[in-house]
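Just below is one structure, and these are the notes that go with it.
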Amino acid sequence: MTFLARARTLTAVKISVAARNGAREFECGPGEKILHAGLRSGVELPYECSTGTCGTCKARLVSGRAESAWPEAPGSKYFRSEADLLMCQCVAPEDCALEVGIALKEREAGVPSPRALAGVLQDFRRLTHDVVAFEVKLDAPFGFAAGQFVLLTVPGIAGARAYSMVNFDVAAERLSFVVKKKPGGAVSEWLFANDVEGARLGVFGPLGH
């Protein structure tokens, strides 16, 4: 067992999710989003955007305590009670029991489990006045299927942003992106206004069904 794995075992909390077709349990590390922990553990929790917008990952807190990094997330408009939460935005400081109103699917054979890693932004170039391209050189090889996406996190900017890769490799060492500027978008403004070459980014994925 690696040092990081031992640390997670010592500090992780237990998450139980009751669905229409039974319950699933998994461990969630400190500061780790509940959705990420479940997907990393092979539990096919419901999601679409993974960024707090769509509300697909809504769950009801039955017991324990969960804390949201973005209480005003657009997906919260689908809440029906104060016990509702978005798993993509919440961390669990203690053991939690949740309930989702659907049956959970089984992960298809051969589909890689999402995981957290990091990489360095390289080969940044402007294609037009409002479109840029760049690559993220990963710390470890990364497999994904065509059409999937990842969440990128930028130091100093709250929250993750979803971006689809424009390359494909079953064991990619680099992820390639083409991004159009979104006025007012924090990460978009960061990409277009700063010297971003060499910045370290957080990566979580692959995501997408």
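Values quoted throughout were computed directly from the atomic coordinates according to the rules given, and no laboratory measurement underlies them. Nothing here was measured: the structure is a model prediction, and the numbers come from that model. Backbone-built Cβ (ideal geometry, glycine too); neighbour counts: all protein chains shown.
Extending each Cα 7 Å along its Cβ direction at PHE79 and SER176, get the distance between those two points in nm, one decimal.
Placing both labels 7 Å along Cα→Cβ, they lie 4.2 nm apart.
Past the 20 angstrom mark, what percentage of all C-alpha to C-alpha distances in the range 52-113 do you count?
Numbers: 603 of 1891 pairs.
Percentage above 20 Å: 32.
Within the chain, how many Lys pairs that are eight or more residues apart, or on different chains, come under 16 Å at the alpha-carbon? Don't skip to the answer; put the middle values down first.
Numbers: LYS14/LYS33; LYS33/LYS58; LYS58/LYS77; LYS58/LYS105.
Pairs that pass both the separation and distance tests number 4.
Which value, in Å to one decimal place, does the Kirkwood hydrodynamic radius take for the chain when every pair of different Cα atoms is included? Could you put the intermediate results ahead of the total?
On the way: mean 1/r = 0.0555 Å⁻¹.
Evaluated over the chain, this radius sits at 18.0 Å.
In the chain, if the dipole is taken from +1 on Lys/Arg beta carbons and -1 on Asp/Glu beta carbons about the Cα centre, which of CYS96, VAL13, LEU85 is farthest to the positive end?
Going by the Cα projections, it comes out as LEU85.
Give me the one-decimal nm value for the distance between modelled label points at SER113 and ALA186, 7 Å along each residue's Cα-to-Cβ direction.
That separation, rounded to one decimal, is 2.9 nm.
Give me the distance in nm between label points sitting 7 Å out from Cα along the Cα-to-Cβ direction at SER63 and ASP95, one decimal.
The modelled label-to-label distance comes out at 0.8 nm.
If I stretch the segment between SER41 and ASP169 completely, what's the gain in nm (0.36 nm per residue apart, minus their alpha carbon distance), one decimal?
Values: separation 128, 0.36 × 128 = 46.08 nm, distance 2.27 nm.
Full extension from SER41 to ASP169 adds 43.8 nm.
Have a look at GLY159, PRO114, CYS49 and report the one farthest towards the positive end of the charge dipole of the chain, computed about the Cα centre with Cβ charges (Lys/Arg +1, Asp/Glu -1).
Checked the options; the winner is CYS49.
Quick one: dipole size for the range 6-117, taken about the Cα centre, charges +1 on Lys/Arg Cβ and -1 on Asp/Glu Cβ, in debye to the nearest 20. The partial results should precede the final answer.
Details: 15 positive and 14 negative charges, 34 e Å.
Once rounded to the nearest 20, the dipole reads 160 debye.
Provide the three semi-axes, in whole Å and in decreasing order, of the ellipsoid equivalent to the range 115-207 as defined by the square roots of 5 times the Cα gyration tensor eigenvalues.
Working: eigenvalues 81, 39, 31 Å².
The three semi-axes for the range 115-207 are 20, 14, 12 Å.
Report the equivalent ellipsoid semi-axes for the range 3-99 in whole Å, largest first, defined as the square roots of five times the eigenvalues of the gyration tensor built from alpha carbon atoms. Working shown, then result.
Numbers: eigenvalues 87, 40, 32 Å².
Those come to 21, 14, 13 Å.
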